[in-house]
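Accompanying notes for the structure given below.
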Amino acid sequence: MQPEGLNRKTVLSELKKIQQQDKRYDDGKILCSMCTRPHPIAEKAYRLFLSSNLGDPGLFPGSVQLEKDVICQLATLLHGTNCVGSIVSGGTEANFLALLAARNIAHVDRPEVVLPESTHFSFTKICNMLNLKPVYAGLDRSFKVDLTSIKECVTNNTVAIVGTAGTAELGVIDSIEELSKVALEHNVWLHVDAAFGGLVIPFLNDSKYLFDFSLETVKSITVDPHKMGMAAIPAGGIIFRNPQELDFIKTETPYLTDNFQYTFVGTRTGASAASAWAVFKVLGMTGFKKIVGNCMKTTQLLTDGLEDAGFSLVVEPTLNIVAFRSGNDTKLLSEKLWKKGWFVSYIPRYDCIRVVVMPHVTRKHAVVFLKDLVNSNKK
Ligand SMILES: Cc1ncc(COP(=O)(O)O)c(C=O)c1O
């Protein structure tokens, strides 16, 4: 730290200069992110609650009310009643809390968790931290978890089965209904990681996917407002079906205004809950349907354009994620795209390029991208 403070104007202009190194969502060229520019009301709400700390809830009852309300709205959207939960740092913490509860409730000596191979890498961290043995189930031809494989993975030590509603890489929705039958049969916890899909699937036209609390064996769901919920980062969401389940993840807090915390993070901003709350109020179901509808239309435009240009899709998109291969070197193509300023992901496991069609990616961006893609693919 420098010895004397600088004036605010100088500091701000230095910050703005440094910020220019960051990519901007508004340019429509960030095609690899599951986050987007927060809704304008999210930014305002966040600023308003900047100093609130949900880690010390007795001081901030207004923020507590907002968090409860956001959890209640998310639970209702996912067909839950009397659910409980928290707005946390992200999908990683949300998944962590779910497996912490499952492990502590099951109370077995050598706990294992059954995970689809397509599961998010956050579970690798979580298994490490919770001393859980991950047992991986294979995928079927449509990249959903294979049910025979799931059944083979379950043992007496299984504390939870995880299904994903919207995988990070391909946007695939596992057959949660089938997983719920397996969970019921073996009386194990079923957690659904809907970090991304939880705020997409309910707004799809004719959504036919059963993935939420409407299935009785689903015990917990991750659903992140800071992804398709357009809230400010950090805003992950964990929802538990039963309030009693919180007892298994609580930590006593000796000197704060509440006796217990139910999250991994201690000091945590109430601004996240406020920003999600404000977006839900401003958009409502109609607003979300419109945003998701636009993302899906752009996804279709991109898919059609890719097929017309001779690229092959890894899988027909279910959500607003497109994964494709070139007949040439797909990895090299992704590098060329980065050089042209298109920030796509390359996924070695599927040897494909992945584009997440977030709200900041418009039809116009998709059309220009397709043109650049075709040119870059020429030898
Ligand atoms: C399905 C899924 N689960 C979990 C996560 C982890 O979320 P976060 O990065 O907010 O911790 C992601 C992130 O993209 C995800 O797509």
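The values are calculated or read from the model by the stated rules, or taken from the named source; none is laboratory data. Treat the numbers as computed from the prediction; the structure is a model and nothing was measured. Glycine also receives a Cβ, built like all others from the backbone with ideal geometry; neighbour counts cover every protein chain displayed.
Matching residues to (1) under 16 Å from the mean Cα position of the chain (by Cα); (2) at pLDDT 95 or above; (3) of a type outside the set (D, E, K, R):
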{"position": "95", "(1), (2), (3)": "yes, yes, yes"}
{"position": "113", "(1), (2), (3)": "no, yes, yes"}
{"position": "117", "(1), (2), (3)": "no, yes, no"}
{"position": "123", "(1), (2), (3)": "yes, yes, yes"}
{"position": "131", "(1), (2), (3)": "no, yes, yes"}
{"position": "135", "(1), (2), (3)": "no, yes, yes"}
{"position": "141", "(1), (2), (3)": "no, yes, no"}
{"position": "153", "(1), (2), (3)": "no, yes, yes"}
{"position": "156", "(1), (2), (3)": "no, yes, yes"}
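For region 181-195, which positions are free of Cβ contacts under 8 Å to residues at least 60 places away in the same chain and within 24 Å of residue 227 (Cβ to Cβ)?
190, 192 - these are the residues of region 181-195 that are free of Cβ contacts under 8 Å to residues at least 60 places away in the same chain and within 24 Å of residue 227 (Cβ to Cβ).
For residue 99, are the conditions met, namely being outside the structural domain of residue 344 (by TED's automatic domain parsing), closer than 20 Å to residue 246 by Cα and within 16 Å of the ligand (Cβ to nearest atom)?
yes
Restricting attention to region 229-256, which residues are assigned to a loop (DSSP other than H, G, I, E, B), among the aliphatic types (A, V, I, L, M) and touching a Cys at 6+ places or on another chain (Cβ under 8 Å)?
Answer for region 229-256, where residues must be assigned to a loop (DSSP other than H, G, I, E, B), among the aliphatic types (A, V, I, L, M) and touching a Cys at 6+ places or on another chain (Cβ under 8 Å): just 233.
When you scan region 72-85, do you find a residue that is in a strand (DSSP E or B) and either of a type outside the set (Val, Ile, Thr) or within 16 Å of the ligand (Cβ to nearest atom) (or both), even just one?
yes
Given the condition within 16 Å of the ligand (Cβ to nearest atom) and not charged (D, E, K, R), answer yes or no: does some residue in region 37-57 qualify?
yes
Can you tell me which of 74, 59 is hydrophobic (A, V, I, L, M, F, W, C) and either under 22 Å from residue 245 (Cβ atoms) or surrounded by 18 or more Cβ atoms within 10 Å (Cβ to Cβ) (or both)?
The conditions single out 74.
Restricting attention to region 30-50, report how many residues are surrounded by fewer than 16 Cβ atoms within 10 Å (Cβ to Cβ) and within 23 Å of residue 260 (Cβ to Cβ).
0
Residues of region 111-131 being away from the ligand (no atom under 16 Å from the Cβ), farther than 18 Å from residue 180 by Cα and in contact with a strand residue (DSSP E or B) (Cβ under 7 Å, 6 or more places away or on another chain), which ones?
Result: 111, single match.
Pull out all pairs, ordered by first then second residue, where Cβ-Cβ is under 9 Å, the residues are six or more apart or on different chains, the first lies in region 215-238 and is at positive phi, and the second is of a type in the set (Val, Ile, Thr) and in a loop (DSSP other than H, G, I, E, B).
Partner pairs satisfying both residue conditions: 230/36.
A quick yes/no check of all residues on (1) within 9 Å of the ligand (Cβ to nearest atom); (2) aliphatic (A, V, I, L, M); (3) within 17 Å of the chain's Cα centre (by Cα); (4) farther than 16 Å from residue 99 by Cβ:
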| residue | (1), (2), (3), (4) |
| --- | --- |
| 201 | no, yes, yes, yes |
| 206 | no, no, no, yes |
| 209 | no, no, no, yes |
| 214 | no, no, no, yes |
| 219 | no, no, no, no |
| 224 | yes, no, yes, yes |
| 228 | no, yes, yes, yes |
| 235 | yes, yes, yes, yes |
| 240 | no, no, yes, no |
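Quick one: residue 84 ticks every box in (1) farther than 22 Å from residue 214 by Cα; (2) surrounded by 13 or more Cβ atoms within 10 Å (Cβ to Cβ); (3) not aromatic (Phe, Trp, Tyr) bar one, so which box is it?
Failing condition for residue 84: (1).
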